[in-house]
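Peer 1: Pasting in a structure now, in structure tokens, and then I'll have a few things to ask.
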Amino acid sequence: MNDKLEVLNKALGLAKDNPILLELKNTDNENIKELHIKNGSFDPSEPWFVTDSEDENKAYAVLPMDAFNQLVKTMKEIQQENFNLKLEKSILSHMPSDFEDVWVVAMDRIESLIDKENPNKPISIDIDKLVRDIKEEHPNLFINMKNFFPPFLK
């Protein structure tokens, strides 16, 4: 089996020593392709690896729909967690006096950017700029370090 496919098989955590490897072959009809089993045996619950008969370096993975849906769900959760961590880091770097209040204001701003007609449409947000803008508009939500120094040090 192709080295790339072996790496992918291991990365997916598949215990099979004999993964399903199919070869995609052309037919006389350009709209019809044939799949031939090169390795393993047919199992509709396992991912299939497909290579192109005309280009061995072209490889594909075919997943069962349940596995694909779980993959997409997991990716969305990771993306949300990553976004939340970046927002948290940015808020903390600006020294909030009340983290939760700044978080609520930030989330309200973000929610206002979401297209109501197409809520799944991706939006681009500069998180640091968002927090700087909140700090500028609501300075009471952040600690002003100048207030901690005696007047002669300002």
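The values are calculated or read from the model by the stated rules, or taken from the named source; none is laboratory data. Fair warning: this is a prediction, and the values are worked out from it, not measured in the lab. Ideal geometry is used to build each Cβ from the backbone, glycine not excepted, and the neighbour counts take in all protein chains shown.
Rundown of residues vs (1) outside the structural domain of residue 126 (by TED's automatic domain parsing); (2) at pLDDT 95 or above; (3) surrounded by 12 or more Cβ atoms within 10 Å (Cβ to Cβ), yes/no style:
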site: 19; (1), (2), (3): yes, no, yes
site: 23; (1), (2), (3): yes, no, yes
site: 26; (1), (2), (3): yes, no, yes
site: 43; (1), (2), (3): yes, no, yes
site: 54; (1), (2), (3): yes, no, no
site: 79; (1), (2), (3): no, no, no
site: 89; (1), (2), (3): no, yes, yes
site: 100; (1), (2), (3): no, yes, no
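Peer 1: Just wondering, is there one or more residues in the stretch 127-136 that are of a type outside the set (Lys, Arg), within 21 Å of the chain's Cα centre (by Cα) and under 18 Å from residue 79 (Cβ atoms)?
Peer 2: yes
Peer 1: Still on this structure, I have one more. With surrounded by 10 or more Cβ atoms within 10 Å (Cβ to Cβ) and without any contact (Cβ under 8 Å) to a residue 12 or more places away in the chain as the only criterion, which of 131, 104, 50 stands out?
Peer 2: Only one candidate passes the filter, namely 104.
Peer 1: Just checking: which of the helices (runs of 4 or more DSSP H) contained wholly in the stretch 52-153 hold 2 or more residues that are of a type outside the set (Gly, Ala, Ser) and closer than 30 Å to residue 20 by Cα?
Peer 2: Those helices (runs of 4 or more DSSP H) span 65-93.
Peer 1: For the stretch 115-128, does any single residue satisfy the condition of being surrounded by 12 or more Cβ atoms within 10 Å (Cβ to Cβ) and modelled with pLDDT of 95 or more?
Peer 2: In the first step, residues of the stretch 115-128 are kept if they are surrounded by 12 or more Cβ atoms within 10 Å (Cβ to Cβ); the result is 125, 127-128.
Restricting the remaining residues to those that are modelled with pLDDT of 95 or more gives 127-128.
The answer is yes; a qualifying residue exists.
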